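Here's the structure, in structure tokens; my notes come after.
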Amino acid sequence: MSWQLAAGGWQSGFELCGVPLRGPVLNGSGTFDAIAARRAFGDALLEQFPFDAFVSKTITVEPRDGNPPPRLWETPAGMINSIGLPNRGLEGFLAHDLPQLVELPVPLVVSVMGFSVDELARLLSGVGERAEVAMMELNFSCPNVETGLVMGAEPEETEAAVDRLRPLTEKPLIVKLTPNAVDPAGVAEAAERAGADAVSLVNTLKGMAFDPRTGRAWLGGVTGGLSGPAIRAVALEQVHAVAERVRIPVIGMGGIASGHDAREFLDAGAACVAVGTENFRDPAAGRRVAFELAELQALPVRD
Ligand SMILES: Cc1cc2nc3c(=O)[nH]c(=O)nc-3n(C[C@H](O)[C@H](O)[C@H](O)COP(=O)(O)O)c2cc1C
């Protein structure tokens, strides 16, 4: 896997898990609504699509309304969200979202989350057999109601889940890791042992804010997930630790807002990067990051 710049663009033959990509910049799940962006920007979005692969927001088996408001809190260099995974559910996704997402000019990654391994199995079977879907991402930052453990927090829990899910689809499986684990690299190794094709990290860090007028938690969901440049150094350390321990590709994210930031993740051992919170500030951030990264790659190698 190479991300060197060749004359005229990214080296031909660049791929992730066997899926050809025109470059290494993805979006973080849940941070870019491609359907709303298409409504706002029309076909210009397709002509200048910001990412080299598109990761859907996480879907669940049943439809969800998400958490009560307020759902966002701005912090120095980041934000805390408590969105709570609102989505149409599996049937709604297949009927409404998928037909629109397949029109995007890049490979589609569908992100799924379940409250049990059985639910994840239903999602994988339901979505994984669709030819339009290039890869699946397992968002593992969720408690398993069968065991009470967060699936992606413990290596054993992760290995058992991926072991059961792996045979259910031939599509490449990306396991998204939570940074709120004692040993993210141990979890990554467990995912690799069980047959994951790639890992992505980091998801948001647990965070909280208080309303100064009431002294109560600001977010409707009480706690939330911290993202943005505030978490970049933590994410870089975790990507580095994971990349040292696994052979499968690592997709690095956490506060990437420029080509320089992306380059740091590649230097830490990531094969690809994803832009998340920065998309809310600049919907074209993915393209900008890709251009800036390409410019950096073209610079003479440092001693
Ligand atoms: C508003 C918001 C919604 C998110 N929704 C999801 C989601 O549905 N599934 C998921 O796996 N990660 C979700 N994430 C996490 C991001 O994909 C990403 O892992 C994280 O924000 C770190 O990257 P960043 O600092 O560049 O945003 C969400 C993040 C934000 C800020």
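For Glu119, which of the numbered conditions (1) at pLDDT 95 or above; (2) closer than 23 Å to Gly148 by Cα; (3) open to solvent by less than 30 Å² (accessible area, probe 1.4 Å) fails to hold?
(3)
Sort out which residues of the stretch 230-247 are of a type outside the set (Lys, Arg), crowded, with 19+ Cβ neighbours inside 10 Å and either touching a Pro at 6+ places or on another chain (Cβ under 7 Å) or under 27 Å from Ala209 (Cα atoms) (or both), and write them in order of number.
Ala230, Ile231, Ala235, Leu236, Gln238, Val239, Val242
Tell me the residue from Ala217, Ala257, Ala233, Ala285 that is without any contact (Cβ under 8 Å) to a residue 24 or more places away in the chain and within 13 Å of the ligand (Cβ to nearest atom), please.
Sole residue among the options that is without any contact (Cβ under 8 Å) to a residue 24 or more places away in the chain and within 13 Å of the ligand (Cβ to nearest atom): Ala233.
Hey, Val117 hits all of (1) in contact with an Asp or Glu (Cβ under 8 Å, 6 or more places away or on another chain); (2) within 15 Å of the ligand (Cβ to nearest atom) but one; which does it fall short on?
Failing condition for Val117: (2).
Is it true that some residue in the stretch 187-201 is open to solvent by 70 Å² or more (accessible area, probe 1.4 Å) and either within 16 Å of the ligand (Cβ to nearest atom) or among the polar types (S, T, N, Q) (or both)? Talk me through it step by step, then tell me what you get.
Going residue by residue through the stretch 187-201, those that are open to solvent by 70 Å² or more (accessible area, probe 1.4 Å) are 193.
Right, trim to either within 16 Å of the ligand (Cβ to nearest atom) or among the polar types (S, T, N, Q) (or both) and you get none.
So far as the stretch 187-201 goes, no, none of its residues is open to solvent by 70 Å² or more (accessible area, probe 1.4 Å) and either within 16 Å of the ligand (Cβ to nearest atom) or among the polar types (S, T, N, Q) (or both).
Please go through the stretch 140-161 and pick out each residue that is of a type in the set (A, V, I, L, M) and either touching a Phe, Trp or Tyr at 6+ places or on another chain (Cβ under 9 Å) or buried (at least 24 other Cβ atoms within 10 Å of the Cβ) (or both).
Hits for the stretch 140-161 are Val145, Val150, Met151, Ala153, Ala161.
Give the stretch 84-114 a look and list any residue that's within 9 Å of the ligand (Cβ to nearest atom), at pLDDT 95 or above and out of contact with any Cys (no Cβ under 7 Å at 6 or more places or on another chain), or say none.
Within the stretch 84-114, Asn87, Ser111 qualify.
Against the conditions (1) over 28 Å from Pro99 (Cα atoms); (2) surrounded by fewer than 17 Cβ atoms within 10 Å (Cβ to Cβ); (3) not charged (D, E, K, R), where does Ala131 fall short? Just the number, please.
(1)
Conditions: (1) open to solvent by less than 10 Å² (accessible area, probe 1.4 Å); (2) within 15 Å of the ligand (Cβ to nearest atom); (3) not charged (D, E, K, R). Gly23 meets all but one. Number of the miss?
Exception for Gly23: condition (2).
Would you kindly identify the helices (runs of 4 or more DSSP H) lying entirely within the stretch 15-130 that contain at least 1 residues that are over 23 Å from Val175 (Cβ atoms)? Let's see the steps before the verdict.
Numbers: elements: 34-41, 44-47, 89-92, 98-101, 117-128.
Once the helices (runs of 4 or more DSSP H) in the stretch 15-130 are filtered for at least 1 residues that are over 23 Å from Val175 (Cβ atoms), what remains is 34-41, 44-47, 89-92, 98-101.
Looking at Ala44, Ala53, Ala40, can you tell me which residue is farther than 21 Å from Lys206 by Cα, in contact with a strand residue (DSSP E or B) (Cβ under 6 Å, 6 or more places away or on another chain) and more than 9 Å from the ligand (Cβ to nearest atom)?
After applying the criteria, what remains is Ala53.
Within the stretch 236-254, which residues are within 10 Å of the ligand (Cβ to nearest atom) and either free of Cβ contacts under 8 Å to residues at least 60 places away in the same chain or in contact with a Gly (Cβ under 6 Å, 6 or more places away or on another chain) (or both)?
Gly252, Met253
The values are calculated or read from the model by the stated rules, or taken from the named source; none is laboratory data. Keep in mind the model is a prediction, meaning the values are calculated, not measured. Backbone-built Cβ (ideal geometry, glycine too); neighbour counts: all protein chains shown. Just the protein is used for accessible areas: all its heavy atoms, side chains included, with ligands, DNA and RNA removed. Shrake-Rupley method; radii C 1.70, N 1.55, O 1.52, S 1.80 Å.
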